[in-house]
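Quick notes on the structure that follows.
The values are calculated or read from the model by the stated rules, or taken from the named source; none is laboratory data. This structure is a prediction, so every number in the text was calculated from the model and none was measured. Neighbour counts are summed over all protein chains in view; Cβ atoms, including those assigned to glycine, are modelled from backbone coordinates with ideal geometry.
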Amino acid sequence: MKRRKNKNRPFRALQIEVTSRCTRNCSICPRSSLSETWQDGDLSQELWEIIEPDLALAEHVHLQGWGEPLLQPRLPEWAAQAREAGCSVGITTNGDLLSEAHPWLLDGNVNLITISAAGSKECHTALRDGARIEEVMSKAGELSAAAREHKLKIEFKLSYLLTRSNAHELPDAVQMAADAGFHELFVTHLDCPTSQFQLDESAFNQEGIPSEAVEYLQNAAKTARKKKLAFRGPTCTGEEVLACALNPVYFTYVTWDGRVGPCVNLLIPVQGPIPRWTDAGVNRIAPLAYGRLDRSSLSDLIDSKERKLFITPLQKRLDADSRFRHEMNQEICELRILRGLEEAQSEREEVLQDHPLPSPCEACPKASGW
Ligand code: SF4
């Protein structure tokens, strides 16, 4: 198949679920709450060969979905092919299989390794099915030291899933990440609640996040500054966004069974609808895919009318906002410029009203910036 050459890569990221299997059954993951209908499986070589010619559409390829990517035996060769296509390549892992992957990760084809944590002590163990974060971070520390020794440019990040019960363990996680030679710690929310337990564990609700959690975040940011570790906190107040942080205008997700769609939240590998728990009750969301790779190529699905339908309102919202911001940045030295600003502001309001977020995003925590 002809490889697509693309200097102007239209996608910031392409996320590919290389497996939906996992080494754990964590209470905070849909895989445990939806275990009865969960579809375990691996992306096949045949599907990869359909994706591969279009990898160059994306700046970054993230080889992970709702499973543990290091369980996928073909990961080393796929990472190498994504690098060959000129993409940066990342994985997010629970770290269970890091020692086994250590030799091939030093090939340098994966240049972003994110370890996911849900605490720095007991909370991680409780929320992550018995896993011990000290062991994971010790293996990750060895890998980051070896990468430095080999002069490899691999970025190591710790992704901290903030919940109602684990905020107090965050400052120690910063220390842990710095000790392991990591470059960054970023904090995320439990933004895909598929059970009452997960909804209750989310650190946010309509009022924002608890003040104690804000204090732990501030302490963590202070420790990170001292340790020269980059730190990215989460949103602390939710409000409707123009497009969620994934931004499907520049992002596409591929599932292990070859469906292509806007995001992980709309393509959880279960049979039937996806339950989305909210304070007002459970919404059952139909999975949303633009199409399937066994019927069309990735680039055809990206150009499909199904995708256009989903992203057009997002594009219109983003464009209206950028026009407004452009006008705002003008120095108001003439009446004409003030009028331009007023027009851009009312146009922005109209566009946001006429083009709401796509209906599958309704009540998704990410649509409120969480
Ligand atoms: S708001 Fe939620 S459902 Fe909509 S694209 Fe973003 S993650 Fe997906």
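Filtering region 283-294 to residues that are within 16 Å of the ligand (Cβ to nearest atom) and either assigned to a strand (DSSP E or B) or of a type in the set (S, T, N, Q) (or both) leaves 283, 284, 285.
The condition (being part of a helix (DSSP H, G or I), assigned by TED's automatic domain parsing to the domain that holds residue 208, acidic (Asp, Glu) and under 21 Å from residue 203 (Cα atoms)) is satisfied by just one residue among 172, 129: 172. Residues in region 264-276 that are surrounded by fewer than 22 Cβ atoms within 10 Å (Cβ to Cβ) and within 14 Å of the ligand (Cβ to nearest atom): 264, 273, 275. Reported count of residues in region 82-116, each being closer than 15 Å to residue 49 by Cα and crowded, with 20+ Cβ neighbours inside 10 Å, is 2. The residues of region 54-71 that are surrounded by fewer than 21 Cβ atoms within 10 Å (Cβ to Cβ) and closer than 24 Å to residue 33 by Cβ amount to a single one, 71.
Within region 194-209, no residue that is under 19 Å from residue 123 (Cα atoms) sits with its Cβ atom under 8 Å from a residue that is surrounded by fewer than 14 Cβ atoms within 10 Å (Cβ to Cβ) and of a type in the set (A, V, I, L, M) at 6+ positions apart or across chains. Is it the case that some residue within region 295-311 is assigned to a loop (DSSP other than H, G, I, E, B), over 22 Å from residue 9 (Cβ atoms) and not basic (Lys, Arg)? Looking for residues that are assigned to a loop (DSSP other than H, G, I, E, B), over 22 Å from residue 9 (Cβ atoms) and not basic (Lys, Arg), one finds none in region 295-311, hence no. Of all residues in region 344-370, those satisfying the criterion of being polar (S, T, N, Q) and either within 16 Å of the ligand (Cβ to nearest atom) or closer than 22 Å to residue 277 by Cβ (or both) are 359, 368. May I ask you to verify whether residue 9 is at pLDDT 95 or above and farther than 17 Å from residue 296 by Cα? The answer is no for residue 9. Determine whether residue 200 is outside the structural domain of residue 323 (by TED's automatic domain parsing), in contact with a Gly (Cβ under 7 Å, 6 or more places away or on another chain) and more than 16 Å from the ligand (Cβ to nearest atom). No: the conditions fail for residue 200.
Scanning region 185-211 for residues that are within 21 Å of the chain's Cα centre (by Cα) and in a loop (DSSP other than H, G, I, E, B) yields 190, 191, 192, 193, 194, 195, 203, 204, 209. From the list 194, 188, the one residue that fits, being among the polar types (S, T, N, Q), in contact with a Ser or Thr (Cβ under 7 Å, 6 or more places away or on another chain) and surrounded by 20 or more Cβ atoms within 10 Å (Cβ to Cβ), is 194. The residue pairs whose first member lies in region 344-370 and is in contact (Cβ under 8 Å) with a residue 12 or more places away in the chain, whose second member is among the aromatic types (Phe, Trp, Tyr) and within 9 Å of the ligand (Cβ to nearest atom), and whose beta carbons are closer than 9 Å, counting only pairs six or more residues apart or on different chains, are 358/310; 360/310. Here 318, 341 are screened, and the one residue that is within 16 Å of the ligand (Cβ to nearest atom) and either β-branched (Val, Ile, Thr) or not assigned by TED's automatic domain parsing to the domain that holds residue 260 (or both) is 318.
Does any residue of region 345-358 turn out to be within 25 Å of residue 12 (Cβ to Cβ) and under 22 Å from the mean Cα position of the chain (by Cα)?
If we filter region 345-358 for residues that are within 25 Å of residue 12 (Cβ to Cβ), which is where we start, we get 348, 351-352, 355-358.
Add one more test, that the residue is under 22 Å from the mean Cα position of the chain (by Cα), and what stays is 357-358.
Within region 345-358 (the criterion being within 25 Å of residue 12 (Cβ to Cβ) and under 22 Å from the mean Cα position of the chain (by Cα)), the answer is yes, since at least one residue qualifies.
Candidates in region 212-255 are the residues that are within 16 Å of the ligand (Cβ to nearest atom), polar (S, T, N, Q) and not in a strand (DSSP E or B); of these, the one that is modelled with the lowest pLDDT is 235. Scoring residue 280 on the criteria (1) more than 12 Å from the ligand (Cβ to nearest atom); (2) under 19 Å from the mean Cα position of the chain (by Cα); (3) among the aliphatic types (A, V, I, L, M) leaves a single failure, condition (2).
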